[in-house]
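The values are calculated or read from the model by the stated rules, or taken from the named source; none is laboratory data. All values derive from a computational prediction rather than experimental measurement. Virtual Cβ from ideal backbone geometry, glycine too; neighbours counted across all protein chains shown.
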Amino acid sequence: MKIFVICSKRFYDKIKDVEHDLKKAGHSLTMPNCYDDPATEERYRTMGREEHSKWKGQMIEKSEKVIKENDAVLVLNFEKDGMKNYIGGATFLEMYDAFKLGKKIFLYNDVPEGILHDEIVGFDPVFLNGDLKKIA
């Protein structure tokens, strides 16, 4: 299966283990935008609102194209700043695109509590509960 890994850039350090296990199981992975350079967004942010806004829009469009090329998305959602199972705005939008395109959505951990809880549940994700062997 072709899988696009999506998550907060704060979780990029957890991707290597996931990548190893999924490739060993025969899956091919597409890494998150800016995975090779997590500081990219901050550089654009320092260029000013207009440059950052333009770049952010390009990343949202790029994500949709990447989702189309994959069979599924894997949402890595861990604790961030005391928030259990964190899913940020960009990741939520990528999940929405995957849903609209009829792609499978795998959620590494449970749905976070908060304002978007019901919408995330509505995407009908497959709950892995940390078990990557459930990806099929």
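Being in contact with a helix residue (DSSP H, G or I) (Cβ under 9 Å, 6 or more places away or on another chain), in a helix (DSSP H, G or I) and either surrounded by 13 or more Cβ atoms within 10 Å (Cβ to Cβ) or aliphatic (A, V, I, L, M) (or both) is a description that applies to Ile60. Go through the stretch 81-110 residue by residue and tally those that are under 14 Å from Asp124 (Cβ atoms), in contact (Cβ under 8 Å) with a residue 12 or more places away in the chain and outside any loop (DSSP other than H, G, I, E, B). Of the residues in the stretch 81-110, 8 are under 14 Å from Asp124 (Cβ atoms), in contact (Cβ under 8 Å) with a residue 12 or more places away in the chain and outside any loop (DSSP other than H, G, I, E, B). Filter the stretch 74-129 down to the residues that are surrounded by fewer than 13 Cβ atoms within 10 Å (Cβ to Cβ) and of a type in the set (A, V, I, L, M, F, W, C), then identify the one that is nearest to Arg10 (Cα to Cα). So, considering only residues that are surrounded by fewer than 13 Cβ atoms within 10 Å (Cβ to Cβ) and of a type in the set (A, V, I, L, M, F, W, C), the one nearest to Arg10 (Cα to Cα) is Ile115. For the subset of the stretch 34-51 comprising residues that are more than 20 Å from the chain's Cα centre (by Cα) and not hydrophobic (A, V, I, L, M, F, W, C), which member is surrounded by the most Cβ atoms within 10 Å (Cβ to Cβ)? Selected residue: Tyr44. Look at the stretch 27-45: where a residue is of a type in the set (Val, Ile, Thr) and a partner is surrounded by fewer than 14 Cβ atoms within 10 Å (Cβ to Cβ) and part of a strand (DSSP E or B), sitting 6+ places away or on another chain with Cβ atoms under 9 Å, you get Thr30/Lys2. Is there a residue being in contact with a strand residue (DSSP E or B) (Cβ under 7 Å, 6 or more places away or on another chain) and modelled with pLDDT of 95 or more anywhere in the stretch 32-45? Yes - at least one qualifying residue is present in the stretch 32-45. Return yes or no: is Val121 at pLDDT 95 or above, among the hydrophobic types (A, V, I, L, M, F, W, C) and in a helix (DSSP H, G or I)? Here the answer is yes, as Val121 does meet what is asked.
If the condition is being assigned to a helix (DSSP H, G or I), surrounded by 14 or more Cβ atoms within 10 Å (Cβ to Cβ) and within 15 Å of the chain's Cα centre (by Cα), then the stretch 15-33 contributes Ile15, Val18, Glu19. Can you find a residue in the stretch 3-12 that is touching a strand residue (DSSP E or B) at 6+ places or on another chain (Cβ under 7 Å), of a type outside the set (Lys, Arg) and assigned to a helix (DSSP H, G or I)? Yes, that holds for at least one residue.
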